[in-house]
Amino acid sequence: MKRTNTFIVEDNPILWELADNCAKLWNEVNFERRQAYIHYRKFKWYPKHLYRKYAPIIGSATAQQIINKNNEAWRSFLKLKKLKKEGRLPPHIKRVSMPRYWKKNGKRELRIIFRRDCYRLDNKHLYLPKRLKLRYWGKLKWYGKQGRLEIIYDEVDEVWRGFMTVKIEKPPKRGGSKPLYIDLGVRCLATIWHEGMKQPIAFRGGELLWDWWYWTKKIAREQSRVAKINKARTSRRIRKMYRIGKRRFRHAVNTMIKMIVEYAVQTGLSRIVVGNLRGIRDNNHKNSKVNSMIHNFWSFKWIIQRLKEKAEEYGIEVKEVSEHKTSSICPRCGSDRAVKRGRLFKCLNCGLEAHRDAVGVVNMGTLHNGGMPIGVVAHPLLLRWSGCRWEPRRAMNTQRMKTLEARISPLKWGECQ
C-alpha cells in the first residue's frame, strides 16, 4: 500500500538551478521521443547521449530518475493507445495524448526527482546530495519503506513542496459480512445506514454548497476585472482563489469520510457499499444553477476514491453498486407510486412520508441483502458542517445530547484532520 508525505521545503538558490536543468532534460528527452514516434513509431528507451550530457550537472541518480519517469509516461501512453485500438479504453478517458513537456505559460515547470537512497529526513531537516541540508515544515504522517522524492515549485503559493512516497504494510481484511450502506448526493453529501440502525445519518451539504457559490461568484468578478484591465483569462490571484475553495471543500469531505470509516470500524462493520453514480451527468441538463451544482460542485468520483483509500487503511472493502430506482420505491410496501418534491418522499399506496435520501440508502440495503429496516426512517439525523467539524443541525440541550451520543456512540463528532 503506497501513501505520500507532503511538506514544504526551505528555499535555496541551488534548488532553482537544479530544477531548471531537470526540466531541460525532461523536455529534450520528450522532444526526441515525440519526433521519433510521429515519424518512425519507435524510439530508444534509454537515451545515453542525454544521460551523459546532464549527469555531471544534476547527478547521475537524478538524471536516471527523470529518464525513468519519462519512460513510465510513454509506456502508459502506448498502453492506452493499444486499448483504444482494441475498443477497451476506460469510459472516463476521452482523448489519448502524448506526454507533455514540463512547460506552462511559456515557463519551465520546476521539479526535481531524487532516488529513494539519495535523501534522508529527520525531525527538522532534509538531507540531499552534494551536502545540501534544508529545513522542512510539515508532519510526516506515514512511516515505512521510503520511495522516490519529488520537489516541485508551487507558483501559486510561491513555495517548494516535497512529495515523498512511502510503502506501508496493508492491514488484513476485517472479518464478518455486515455492510454499511452509503447514498451519495448533492444536498446531502452522504447518507449512511446499516442493518439494525433505526435512524440513518445524513451529512448535509448546504453549508459547503453556499461556500462553493461564494467562491464561484468571487472568482467570476475577479475574472471580469482582469479581462477588462489586462485582457487576460487568469492570474495568480484567481488561481489562489480556486485553490482556497477547493481546499475548503476537500477538508470537509475528508473529515466526513474519516467519521464514516471510523464509525464502521467501531461498530464492527466489515465492508462499505456505496452507490455507483457513473453516467448520471450524461442526460442531466436543467437550468444553469442546477447544472453548475451537478457538473462543477459535485465531485462524487473523487469522494468514492477517497473513501476507498481511507477504508483500505483499516482493512475494509468498498464495493460499488447501482442506485437505480432506489429513491423511487417505497421501503415499506415496495410500491413505485410516489410523489417526490424536494427532499420529501410520499408513497401514494401506504402513505409513508420520509426523507428521499433516507429512502434511497434503506432501499439500497434491502435490495442488496441488507435486511428490512426496523423502526421509523422518515427523518435521518442531519449533521451540518460548522467549518471545523460535523455536528447536529439544531442546537440541543444537554440531556438530549447525552441521549444522542449514547445511541450513536461509535460516531465521533468530526475531529478536524
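The values are calculated or read from the model by the stated rules, or taken from the named source; none is laboratory data. These numbers come from a predicted model, not from an experiment. When we count neighbours, we look across all protein chains shown, and the Cβ atoms used for this are built from the backbone with ideal geometry, even at glycine. Protein only, heavy atoms only, side chains kept; ligands, DNA and RNA dropped before computing areas. Shrake-Rupley method; radii C 1.70, N 1.55, O 1.52, S 1.80 Å.
Once you sort the root eigenvalues of the Cα gyration tensor of the chain as a ≥ b ≥ c, which label holds: rounded (a/c under 1.5), prolate (a/b larger than b/c) or oblate (the other case)? Don't skip to the end; give the middle numbers.
Working: a/c = 1.94, a/b = 1.83, b/c = 1.06.
Here the chain falls in the prolate category.
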The alpha-carbon center of segment 19-58 and that of segment 102-158 are separated, in whole Å, by 22
GNM on the chain, Cα springs under 10 Å; top mean-square fluctuation among Glu309, Glu207, Glu169 goes to Glu169
Computed over the chain: longest principal axis from alpha-carbon atoms vs helix 206-229 long axis, angle to nearest 10 degrees, is 40
Nearest 10, in degrees from 0 to 90: the angle of helix 236-267 to the longest Cα principal axis of the chain is 50
For Leu89 and Phe77, extending 7 Å from Cα along the Cα-Cβ vector and measuring point to point gives, in nm, a value of 1.5
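Using the per-residue mean of other Cβ atoms lying within 10 Å as a proxy for protection, in what order, highest first, do the peptides 72-78, 38-44, 231-237 fall?
Working: 72-78: 13.6, 38-44: 9.6, 231-237: 11.4.
Ranking the peptides 72-78, 38-44, 231-237 by packing returns 72-78, 231-237, 38-44.
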HN-Hα couplings for segment 29-45 via Karplus (6.51, -1.76, 1.60; θ = phi - 60°), in whole Hz with x for Gly/Pro, come out as 4, 5, 5, 4, 6, 5, 5, 5, 5, 5, 8, 10, 6, 7, 7, 7, 7
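Using mean Cβ contacts within 10 Å as the protection proxy, how do 116-122, 355-361 order, highest first? Mind dumping the intermediate values first?
On the way: 116-122: 13.7, 355-361: 27.4.
Result, highest mean first: 355-361, 116-122.
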For Glu155, placing the label point 7 angstrom along Cα-to-beta-carbon and taking segment 93-129, residues whose amide nitrogen sits under 13 Å are 102-111
Net charge near Thr6 (other residues with Cβ under 12 Å of its Cβ; Lys, Arg +1; Asp, Glu -1) is +2
From highest to lowest solvent-accessible area (probe 1.4 Å; ligands, DNA and RNA excluded), Lys124, Lys178 read Lys124, Lys178
Using alpha-carbon positions, the gyration tensor of segment 159-209 gives root eigenvalues a ≥ b ≥ c; with a/c under 1.5 called rounded, otherwise prolate if a/b exceeds b/c, else oblate, the class is oblate
For segment 67-84, Karplus-derived ³J(HN,Hα) couplings (6.51, -1.76, 1.60; θ = phi - 60°; whole Hz; x for glycine and proline) come out as 5, 5, 5, 5, 4, 4, 5, 6, 5, 5, 4, 5, 5, 5, 4, 5, 5, 5
Once the in-chain neighbours fewer than 8 apart are removed, the lysines whose Cα is under 20 Å from Lys85 read Lys42, Lys94
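Is segment 128-249 best put as rounded, prolate or oblate by its Cα gyration tensor, with a ≥ b ≥ c the root eigenvalues, rounded for a/c under 1.5, and otherwise prolate when a/b is larger than b/c, oblate when not?
Numbers: a/c = 3.97, a/b = 1.13, b/c = 3.51.
Since a/c reaches 1.5 but b/c is at least a/b, the shape of segment 128-249 is classed as oblate.
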